[in-house]
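The values are calculated or read from the model by the stated rules, or taken from the named source; none is laboratory data. Small disclaimer: the values here were computed from a predicted structure and weren't measured. Neighbour counts are summed over all protein chains in view; Cβ atoms, including those assigned to glycine, are modelled from backbone coordinates with ideal geometry.
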Amino acid sequence: MTAGTTRPLEDEPAPAEDVALVLAELGRLPLDQPLGQYLQRVADLAATVLRGVEALSVTLVEDGRARSAAFIGSVAAALDERQYDAGFGPCLDAAVSGEVVLLDLDDLGDLYPDFAREARRQGVVAAASLGLPVAQRVVGALNLYSTSGALDPDVVELARTFGSYAAVALANASLYGSTARLAAQMEEAMSSRAVIEQAKGVLMARLAVDADEAFAHLSRTSQRTNTKLRQTAADLVDRARRGEAG
């Protein structure tokens with residue numbers, strides 16, 4: 001199942017063995033893939049066990065910005081975007097609070113009136129958003145939309161269980177991504193330091209200066225030529241290897 005499609009309605013609860021298999025699969029998802037691809041797989045897995053849900057999405061709020069990182073059914077993406085534009089709504093409230101927000105759109109009163117009107121206009125009669133606490137600066141929500149009737153309590157309870165697994169999986173993915181980025185940044189930093197040390201060695205030998213003076217010379221050259229220090233050092237080392245002066 002892919003983003004933008006609407007899953008067929010299945011009234012019967014998912015068999016326990018199917019649920020167990022899906023939760024096990026969720027725990028085995030590889031973390032070394034783009035986060036969007038990872039979250040789309042999370043959404044696909046949710047759709048296989050949350051019967052009676054025609055559209056769903058995963059909201060991600062990072063550094064104060066919300067987006068639908070994955071979705072099934074264009075209505076889910078449209079209603080999510082409506083909330084992001086307004087700055088409030090059930091999926092945002094669930095994401096930032098970590099709580100579960102259940103909505104019967106036939107009996108909302110004055111709760112989320114704008115969202116309720118738009119949801120009803122698009123044929124949605126019931127919705128639920130389950131908060132997925134992820135990391136210090138990243139939170140999320142699993143959003144369910146039904147166009148056929150009220151969400152079955154068993155489905156909502158299963159969504160709670162699935163949400164707890166998804167939160168752990170999403171936290172792991174976020175941690176993996178942060179660790180991978182940190183490792184890449186550290187590797188780049190170490191590479192930069194290595195070439196700068198080589199350039200300092202060249203200057204110390206060529207100008208008969210100490211390490212501090214060599215670095216100062218390198219820094220002045222970088223500023224004068226409006227070139228990053230690492231690139232200035234790399235150029236100098238490259239010229240030295242070719243036997244060129246400068």
| message | Under 6 Å between Cβ atoms, which residue pairs at least 6 apart in sequence (or on different chains) link something in the stretch 189-211 that is in contact (Cβ under 8 Å) with a residue 12 or more places away in the chain with a partner that is of a type in the set (Lys, Arg) and in a helix (DSSP H, G or I)? | response | 192/230
| request: Write out, first by first residue and then by second, each pair whose Cβ atoms fall under 7 Å of each other, whose residues are 6+ apart or on separate chains, and whose first residue, in the stretch 217-246, is over 16 Å from residue 205 (Cβ atoms) while the second is modelled with pLDDT of 85 or more and surrounded by fewer than 17 Cβ atoms within 10 Å (Cβ to Cβ). | output: 232/225
| query | Given the residues 221, 161, 179, which is the only one that is over 30 Å from residue 48 (Cα atoms), out of contact with any Asp or Glu (no Cβ under 7 Å at 6 or more places or on another chain), among the hydroxyl-bearing types (Ser, Thr, Tyr) and modelled with pLDDT of 80 or more? | reply | 221
| query | Can you tell me which residue in the stretch 14-64 is surrounded by the fewest Cβ atoms within 10 Å (Cβ to Cβ), limited to those that are of a type in the set (A, V, I, L, M, F, W, C) and over 26 Å from residue 96 (Cα atoms)? | reply | 16
| field | Restricting the stretch 135-158 to residues that are under 18 Å from the mean Cα position of the chain (by Cα) and at pLDDT 70 or above, the residue that is farthest from residue 48 (Cα to Cα) | value | 139
| In the set 50, 60, 79, which member is of a type outside the set (Gly, Ala, Ser) and within 17 Å of the chain's Cα centre (by Cα)? | 60
| field | The listed residue being in contact with a strand residue (DSSP E or B) (Cβ under 7 Å, 6 or more places away or on another chain), modelled with pLDDT of 85 or more and of a type outside the set (Val, Ile, Thr), out of 50, 45, 21 | value | 50
